1. Could you list, in sequence order, the residues of the range 66-116 that are within 16 Å of the chain's Cα centre (by Cα) and not hydrophobic (A, V, I, L, M, F, W, C)?
2. Find the helices (runs of 4 or more DSSP H) located wholly in the range 44-153 whose residues include 1 or more that are surrounded by 18 or more Cβ atoms within 10 Å (Cβ to Cβ) and modelled with pLDDT of 90 or more, and list them.
3. Give the residues of the range 12-41 that are over 17 Å from the mean Cα position of the chain (by Cα) and either hydrophobic (A, V, I, L, M, F, W, C) or loosely packed, with under 13 Cβ neighbours inside 10 Å (or both), sorted by residue number.
4. Answer yes if at least one residue in the range 131-151 is touching a helix residue (DSSP H, G or I) at 6+ places or on another chain (Cβ under 7 Å) and of a type in the set (Ser, Thr, Tyr), and no otherwise.
5. Please find, among Leu99, Leu43, Leu84, the residue that is farther than 19 Å from Leu9 by Cα, of a type outside the set (Lys, Arg) and touching a Leu at 6+ places or on another chain (Cβ under 7 Å).
Amino acid sequence: MSKKQLTLLCLSYMILIAVGSGITSLLPVYVVRLGASRTTIGLLLSVAFSSLAIGTMSAGWLSERIQSRKWLLFAASLAAIPALGLLAQTTRIELVAVLVCVVWFTGGIMAAMIHTLIGLFSGREERGKVFGILGSANGLARSHQRVGRWPDC
């Protein structure tokens, strides 16, 4: 695997993890301001994580169907960008739930495609090192988070 490919995929993964962890941290605060209860926050997060799981599992099926993993990663990224923009603008909890599902579904596809591409592009002898670097990118992406409290509802 070339250093350029590894750098681009790790950078993509870092951005994906940073955005996902940022949304996870800020989503409860955002929906409380829209009038949500703790129960609603829990349901919203469970639906989001379910969408992530479905997106991750769908990525394998889509990858076999489409056979162009780079384009699938690119298409999922393009679908997530307007959903993130709309998520920042909406004032209804129902729309927040739909947009969070879209963002996390596409995030699952992107994460699976990044892992798949790294596995395909790296040789047998370097896979451990390459996936170790990808794991470090995960830690670096989360290093901005601080431990906080849930908002008081």
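The values are calculated or read from the model by the stated rules, or taken from the named source; none is laboratory data. Just so you know, these numbers come straight off a predicted model, no measurement behind them. All Cβ positions, even for glycine, are placed from backbone atoms using ideal geometry, and neighbour counts span all protein chains on display.
1. Ser77, Pro82, Gly85, Thr106, Gly107, Gly108, His115, Thr116
2. Where helices (runs of 4 or more DSSP H) fall fully within the range 44-153 and carry at least 1 residues being surrounded by 18 or more Cβ atoms within 10 Å (Cβ to Cβ) and modelled with pLDDT of 90 or more, they are 69-89, 93-121.
3. Val29, Val31, Val32, Arg33, Leu34, Gly35, Ala36, Ser37, Thr39, Ile41 - these are the residues of the range 12-41 that are over 17 Å from the mean Cα position of the chain (by Cα) and either hydrophobic (A, V, I, L, M, F, W, C) or loosely packed, with under 13 Cβ neighbours inside 10 Å (or both).
4. No: zero hits.
5. Leu99
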